[in-house]
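Please read the structure below before turning to the comments.
The values are calculated or read from the model by the stated rules, or taken from the named source; none is laboratory data. These figures come from a predicted structure and were not determined experimentally. Backbone-built Cβ (ideal geometry, glycine too); neighbour counts: all protein chains shown. Heads up: the accessible areas ignore ligands, DNA and RNA and are worked out on the full protein's heavy atoms, side chains in. Shrake-Rupley method; radii C 1.70, N 1.55, O 1.52, S 1.80 Å.
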Amino acid sequence: MKPTEKLIDSTADVLSRMLRFEHTADSVLSAHFRDQRALQSRERAFVAEHAYLVLRRLRWLRAVAGENAGARKLLITALARIEGLGHKFLAPLISRNEAQWLETLAPTADTELSLGERTDLPDWVIERLLTQMDEASLLSLARALNTQAPLDLRVNLMKSDIDAVTATLTNNGLTVTPGRFSPWALRLGERPSLTKNPLYEKGIIEVQDEGSQLLALLLAPKRGEMVVDFCAGAGGKTLALGAMMRSTGRLYAFDVSEKRLIKMRPRVARSGLSNIHPVLIDSENDIKVKRLAGKIDRVLVDAPCSGLGTLRRNPDLKWRQTPTAVEELVVKQGAILAGAARLVKPGGRLVYATCSLLDAENRGVIDTFLASHPDFVRLPANEILAAGRIDLDTGIDLELRPDVHGTDGFYAAVMERRAPNSAATTPETDDDA
């Protein structure tokens, strides 16, 4: 959709509020659309896409437009320099002063820009990532993070199968491709609204990044087991685990947010699963947690994190996060992991995961945990995936990148609690999963 004067005004308005970074970009956008009910669906898509475009490319745009450029000038620069709309097209849609200013912008070569301006990342993030990868790899990662994420679906195999869902979506005029790794994943070439789609209403499909789906495959719960999703949120991974368990056993969905657990309820109802038990806890030390100590077969800890692996979806996070916040998160992650580990029975499995790209939140947390918990041993994630017939090998831990794997940036480590006087088990294929 081509911009109009109305759309430029609307996008600049919401963008000016996003750039204060007082609230998350998605909450600002939702509030804007509530105030602008007259906007049609295609107009809303334009506003959202272009506000997020500016957030993704903010450092580069400021290098071109000027460090003090406001929301409108940043948006106009993005339309001209990133989307390639000419002065002749834009001039009638903006003020005379803005049109004159646009003509004065000089071309900017990458050689004139800092690494931060080329990657559109804060310097503190760049410093940390360069300890993990070289500059070429960082630039590749940044390019992927600065693109729009695809729309991935998870098919609920309790209710249908991949082929049937693919056929239905294709008949609806959508471009559908199977996931690269997850046996339940489909990727859409378009971004339709799915909330009124019969497949969604019946719980046959859920929106879930393919990388997130792989966390359930690493936990690999079996029928009849006792399982805990320790930081369940709104339940995307909980639903995947419940389907793997064929709605048997008992699956606890723990979270400290009642609001998130309430959002889970209609999703559980649509899914048809009866083994999910949402539980509100006040912390990892809640008495409800302690009562299950040593009784759980498998525990997933998708820990609160910086979210830097999800910048395709949440580009404001890179400007809202700080080094101090990450340091505080690392302490919280360690405490949550230690609390969740108490649930695992001997021989049971513990999976720790984040959607962060930073070693401090990932390997650092695991190394610290294992050093103080000798009863836990690391299991090779690549061998577990191979046993499940998943063709993906990122080493002993799962490390996903959008530029390499096409998913969000995910990290996961798999651990097993040693049974007394026994060694770690070798992963086996679970045909029931």
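Some points to look at:
- Distance cut-off 16 Å, percentage of C-alpha pairs in the stretch 219-329 lying past it: 62 percent
- Per residue, the accessible area of the stretch 308-425 comes to 38 Å², computed with a 1.4 Å probe over protein heavy atoms only.
- Here the accessible area is traced with a 1.4 Å probe on the protein chains. For the stretch 129-275, carbon and sulfur cover 51 percent of it.
- Lysines with Cα under 28 Å of LYS332, excluding same-chain neighbours fewer than 8 positions away: LYS237, LYS259, LYS263, LYS288, LYS290, LYS295, LYS318, LYS345
- Restricting the stretch 1-46 to trypsin sites (Lys or Arg not before Pro) that sit in a DSSP loop and have at most 11 other Cβ atoms within 10 Å of their own Cβ leaves ARG20, ARG37.
- Fluctuation leader among ALA232, ALA63, ALA91 - the chain, Gaussian network, Cα springs under 10 angstrom: ALA91
- Whole-number percent relative contact order across the chain, with pairs defined as alpha carbons under 8 Å at least 6 apart: 13 percent
- Separation in nanometres of the label points that stand 7 Å from Cα toward Cβ, at ALA164 and THR322: 5.3 nm
- Local net charge near GLY86, Cβ-Cβ under 13 Å (Lys/Arg +1, Asp/Glu -1): +1
- Nonlocal amide H pairs with ALA419, under 5 Å, H built at 1.01 Å: GLY347
- Inter-site label distance for TYR200 and HIS277 at 7 Å from Cα along Cβ, in nm: 3.2 nm
- For the stretch 284-297, 3J(HN,Hα) computed residue by residue from phi via the Karplus equation (6.51, -1.76, 1.60; θ = phi - 60°) reads 5, 9, 4, 4, 5, 6, 4, 5, 9, 4, x, 10, 9, 6 Hz, glycine and proline entered as x.
- Rounded to whole Å, the principal axis extents of the Cα atoms in the stretch 240-298 read 31, 27, 13, largest first.
- Pairs of alpha carbons in the stretch 4-159 whose separation is greater than 21 Å (percent): 53 percent
- Beta bridge orientation in the chain: antiparallel %, DSSP, nearest 5: 55 percent
- Within the straight-line cut-off of under 15 Å between alpha carbons, the aspartates and glutamates reachable from LYS222 are ASP297, GLU428, ASP430, ASP431, ASP432, sequence neighbours fewer than 8 places apart in one chain being disregarded.
- Treating each Cα of the stretch 1-46 as an identical point scatterer and summing with the Debye formula, the log10 of I(q)/I(0) at q = 0.16, 0.24 Å⁻¹ comes to -0.40, -0.87.
- Listed values for the stretch 200-208 are Karplus-derived 3J(HN,Hα) couplings in whole Hz (6.51 cos²θ - 1.76 cosθ + 1.60, θ = phi - 60°), namely 6, 4, 8, x, 7, 10, 9, 7, 7, and x replaces Gly and Pro.
- Residue among THR111, THR407, THR175 with the largest mean-square fluctuation in a Gaussian network model of the chain, springs linking Cα atoms under 10 Å: THR111
- Size of charge dipole - the stretch 1-152 - debye, nearest 20, with Cβ of Lys, Arg +1 and Asp, Glu -1, no other charges: 540 debye
- Calculated log₁₀ intensity ratio I(q)/I(0) where the Debye formula runs over C-alpha points of the chain, q = 0.13 Å⁻¹: -1.21
- Whole-angstrom Cα spans of the stretch 47-107 along principal axes, big to small: 26, 23, 18
- Of the two radii for the stretch 322-391, the radius of gyration is 1.01 times the Kirkwood radius, both from the alpha carbons; that is the Rg over Rh value.
- The ratio of the alpha-carbon radius of gyration of the stretch 116-256 to the globular-protein estimate 2.2 N^0.38 Å is 1.26.
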